[in-house]
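Worksheet: the structure to be examined is printed underneath.
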Amino acid sequence: MNLIIIAALLCAFLLIEKKWIPSAVAEEEWSAEEIVGAPGVADEESVRNKYRTITEKLIADQRSITTMESCTSGQIASLITDTEGASAILKGAFVTYSNKAKILQGVDPKIIDQYGVYSSETAVAMAKACKMTYDADIGVGITGTFGNVDPNNRDSAPGEVYFAIAREGKTKAYHCAVPPQPSRFSYKLYMADVIADRLMQSV
């Protein structure tokens, strides 16, 4: 009996000290579906219409969604919440611009160390972590580099973006090579358009 009490106290101590926390996703390799992006820039009105359709469908079906975004900096969540009533299906989202931010929100640091922050594995971990945090039906994770090399991560390659969509019982990863864009907003809008097309298949 004493051993059981000691073991329980030890587990409680480790949890408090954050030395043992169940990771949001186990380490495993993920193959990403290659997406050939359209040339040029995305049409903003078209992208907004797609997200309006996605949001209205989620509201009608009473299904929730959340995101963990790096390079898109919250653009996906912003487009979702541009539709009236979006608070019913999006309770919150994360902008995790650094490795530390991703880890704080549930991404296992071992995944970043093993596969790199710009990888399908990290995108999957991000999608699963935000989905778990908000108990959402759909989680979207996006990680990548746009116009410039990230000096803090050796796996940075401009224009290379990974994202993942996690649903109950099914998660899929994608890789997209983004053509050069005239501005940071154009890069974000381009990826938002690509992700919208995949989300429309999921909802």
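Points worth noting:
- Shape annotation for the chain: C-alpha extents along the principal axes are 67, 42, 24 Å, from largest to smallest.
- Remark: relative contact order (the stretch 90-145) = 30 percent; criterion is Cα-Cα distance under 8 angstrom and separation of 6 or more residues.
- Relative contact order (%) - criterion: Cα under 8 Å, at least six apart; region: the stretch 2-202: 25 percent
- Protection proxy ranking, peptides 144-151, 53-60, 38-45, average beta carbon neighbours within 10 Å, highest first: 53-60, 144-151, 38-45
- Distance (nanometres) between label positions extended 7 Å along Cα→Cβ at LYS110 and ASP155: 1.6 nm
- Efficiency of FRET from Cβ geometry, ALA101 and GLN62, R₀ 30 Å, rounded to 0.05: 0.50
- Highest GNM mean-square fluctuation among ASP108, ASP137, ASP193, for the chain modelled with Cα contacts below 10 Å: ASP137.
- Over the chain: helical MRE at 222 nm, DSSP H runs n ≥ 4 each giving -39500 (n - 2.57), nearest 500: -13000 deg cm²/dmol
- Separation between Cα centres of the stretch 117-187 and the stretch 57-81, rounded to whole Å: 14 Å
- Only Cα pairs under 8 Å and 6+ residues apart enter the sum, and on that basis the relative contact order of the stretch 43-104 stands at 37 percent.
We did not get these values from a lab; they are worked out from the coordinates using the rules stated. Source: prediction; values computed, not measured. Neighbour counts are summed over all protein chains in view; Cβ atoms, including those assigned to glycine, are modelled from backbone coordinates with ideal geometry.
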